[in-house]
Structures are given as structure tokens and as C-alpha cells.
Amino acid sequence: MVNRIGNINNQVNIKSDMAIKTFALNQSNNFSRELAFYKLCEAKDIKQVPHLLDYSNEKQEIIIKYIPGKKPQSLTNFFIGQVADFLSDLNEDDNLEYVPNAAEAILTNKCLASHLKNRLQQIGSKGKYHPKGLTGTVRETINILENKSIDLGAILINPSDLGLHNMILNNGNIIFYDFEYAGKDSYLKLLIDFCLHPINEIKFNNFELYNKTFAKALNIKPLKLSNAVIQAFCLWWVMRLINSMKEEIINSRVNRGLIDQNNISNYVEKRNKQKELFWNYARSF
Ligand SMILES: Nc1ncnc2c1ncn2[C@@H]1O[C@H](COP(=O)(O)OP(=O)(O)O)[C@@H](O)[C@H]1O
Ligand SMILES: [Mg+2]
């Protein structure tokens, strides 16, 4: 039997002991990044990801070992330790020569401001879910960032999209998957994206704990986090969430069976609430 698990970008088919991930034609960057990441993990003998079994460039398909198990429901200290070990093993040697850049990587001081500009363009200046004053606040933040030096921490391998939604608990160990955004990136992006990802439910005042834990695992100094940078990441998330509530995005998710036609209002309500949370926090500084 073939089980289908779809997503906005691609399709995963489970066939006995394999998971076959096929990327849409317009997702060739995601395919290349994910394949490069799995090859890297094979070369480094990383135990915390499924084995790469095969791939096809023509079909934009990656075949990995099927991992039975459950999604972990919350981030216990034990799981956080496993995330830290994964990051540590992945970055044990710091040869980044053949590692492609992560999606929306933050590799220089200018990148964060430039991502905000792109997202602003993507969502436009008006829309049903735009909070009042969004464009002005984002522009102000871009201005501040452009005249500021940002602590990036270190440049490293970022698995990206790191969260409970991309982990399987298998025999007491966490196995990580879904690396289509992975690649060379900064510790700053890795840390803040992990802390802000809604699924991880990390409290805003708990970032320092993760900063300490991950920096120790990576053998680097904890980041000096500034309010301006955290505010920028929150605004980035506000814009990502607004984009995900666009009619065309929702329609395409409904067409692929990812959102139930009867569940659209729930989906939107949840995202809108999360957006409000980020918006309020961004303006609390
Ligand atoms: N190796 C695997 N073993 C078991 N399940 C998997 C495996 N790879 C993917 N899946 C299932 O398929 C879903 C989608 O895979 P993922 O790589 O996260 O794709 P997407 O980019 O669509 O989120 C996962 O949430 C998981 O349920
Ligand atoms: Mg996923």
C-alpha cells in the first residue's frame, strides 16, 4: 500500500520501508538543498537522519529510509538535548566548502534587512490580515538594521525548519527529516527560527536558555541578542504568516487535500492568532 502525505511544495509517498519525496517542478532549489544535505549526512555518518537510499535528478525525487514512530508532542529537556547533539554532530568539523546556502540564509550583516524587504514586497502594503502600521514598522526596522552591526554568531550548517513537526520519535531517539531549506547559514538564524517557530511553543523570555544550550553544543560563544534583531525576526514571521493566509495559497492547499474545505476558517484563525502574537511582541520593545 502507498500512503500519501502531501504538502504545499511536494509529496511524500510511504512504501513499506521507504519514504519517497517528490518535489514539484518549480521546487528544484528545495530538491537540490535537501539532496545535498542528505549526501552530507551520509558522508559524515550522521545517525539522527534517515539513510539516503536513492535519488533521481530527472524526477526530482529523494528516497530515504522509512522511520516508524510518533511525532514528539512537546519539547522536553531530553529532546532539547537530542537537538543539541544533532547540531553538534552536524557541525563537528567546520568545512563548509561544498555546502549550499540555506534558503533565506543570513550570512552577512545585510541579509536580514534584505529578507524583510523581499517579504514586504511579497505581501504588498495592504491586505485583510495586515495589522495597522505594518509597512511603516517594517520599514523602520529595516532602517535600524541597515545601520547596525548584527552578531551572527558563527557560519555553520543549519538543518533549518527545525521543529517538532519535522521529528520522529523512534525507539527513544529523535530522527530529524525535511531539509529542503537546509544549508550554510548563521547561528543567529538557526537559533531564532527554532525559538520562534510556533510549533515549538517556546516562550519569548526563554531564548537565552536555548542560546546557551546550542552555543555550548556548537562550541561557540552564546549570541548577544539585541531587541532590534528579535523584533526583525518577529516581523519576518508576521509577514510569512500573512503570506500563508493568501487566498491562492489556501486554495492550492485545499486542492491538494492538505486543508479540509470545512476547516479553512480554523486554519486561518490559528495563523491569524499566531500573527497577532508576533506582531504584539515585535511592538513591545
Ligand atoms: N523517512 C520518513 N519516515 C517516516 N515518515 C516520513 C519520512 N519522511 C517523511 N515522512 C512523513 O512525511 C511528512 C512530510 O515529509 P517532509 O519531508 O516533512 O515534507 P514537507 O516538506 O512536505 O513537510 C512528514 O511529516 C512525515 O510524516
Ligand atoms: Mg515537513
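The values are calculated or read from the model by the stated rules, or taken from the named source; none is laboratory data. On a predicted model such as this, the values are computed, not experimentally measured, just so you know. Positions of Cβ are generated from backbone atoms using ideal geometry, with glycine treated the same way; all protein chains shown enter the neighbour counts.
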Check your understanding: Has region 141-152 got at least one residue that is free of Cβ contacts under 8 Å to residues at least 12 places away in the same chain, more than 19 Å from I202 (Cα to Cα), of a type in the set (G, A, S) and more than 12 Å from ligand 2 (Cβ to nearest atom)?
Key -> no
Point to revise | Any strands (runs of 3 or more DSSP E) falling wholly within region 161-201 and containing at least 1 residues that are more than 11 Å from ligand 2 (Cβ to nearest atom), closer than 23 Å to E42 by Cα and of a type in the set (D, E, K, R) | key: 183-186
Practice item. Kindly indicate whether any position in region 65-87 is touching a Gly at 6+ places or on another chain (Cβ under 9 Å), crowded, with 18+ Cβ neighbours inside 10 Å and outside any loop (DSSP other than H, G, I, E, B). Key: no
Practice item. Quick one: which residue in E92, E61, E34 is acidic (D, E) and surrounded by fewer than 17 Cβ atoms within 10 Å (Cβ to Cβ)? Key: E92
Practice item. Kindly indicate the residue of region 203-217 that is in a helix (DSSP H, G or I) and within 16 Å of S74 (Cα to Cα) and also farthest from the chain's Cα centre (by Cα) among those meeting that condition. Key: N206
Review point. How about region 147-184: which of its residues are hydrophobic (A, V, I, L, M, F, W, C), out of contact with any Ser or Thr (no Cβ under 8 Å at 6 or more places or on another chain) and within 23 Å of Q231 (Cα to Cα)?
Key: L162
Exercise for review: Show the residue pairs that are 6+ apart or on different chains and have beta-carbon atoms under 9 Å apart, the first residue being within region 2-20 and among the acidic types (D, E), the second being at pLDDT 85 or above and near ligand 1 (Cβ under 8 Å from one of its atoms).
Suggested key: D17/K65; D17/Y66
Check your understanding: Restricting the search to region 101-140, which residues are of a type in the set (S, T, Y) and at pLDDT below 95?
Key -> S125
Check your understanding: Which numbered condition trips up I144, out of (1) assigned to a loop (DSSP other than H, G, I, E, B); (2) over 18 Å from the mean Cα position of the chain (by Cα); (3) aliphatic (A, V, I, L, M)?
Key -> (1)
Review point. How many residues are surrounded by 13 or more Cβ atoms within 10 Å (Cβ to Cβ) and among the polar types (S, T, N, Q) when one looks only at region 203-224?
Key: 2
Check your understanding: Considering region 21-32 alone, what residues qualify as being out of contact with any helix residue (DSSP H, G or I) (no Cβ under 9 Å at 6 or more places or on another chain) and near ligand 1 (Cβ under 9 Å from one of its atoms)?
Key -> N30
Practice item. Write out, first by first residue and then by second, each pair whose Cβ atoms fall under 6 Å of each other, whose residues are 6+ apart or on separate chains, and whose first residue, in region 108-122, is more than 14 Å from V229 (Cβ to Cβ) and among the charged types (D, E, K, R) while the second is buried (at least 19 other Cβ atoms within 10 Å of the Cβ) and at pLDDT below 95. Key: none
**Study point:** Those residues of region 153-199 which are away from ligand 1 (no atom under 16 Å from the Cβ), touching a residue at least 60 places away in the same chain (Cβ under 8 Å) and at positive phi, in sequence order
**Key:** G153
Revision key, fill the gap. Filter region 53-96 for residues that are in contact with a helix residue (DSSP H, G or I) (Cβ under 6 Å, 6 or more places away or on another chain) and over 24 Å from A217 (Cβ atoms); the one that is nearest to ligand 1 (Cβ to nearest atom) is I62
Check your understanding: Within region 234-250, can you find the residues that are touching a residue at least 24 places away in the same chain (Cβ under 8 Å), part of a helix (DSSP H, G or I), more than 16 Å from the chain's Cα centre (by Cα) and buried (at least 17 other Cβ atoms within 10 Å of the Cβ)?
Key -> I242
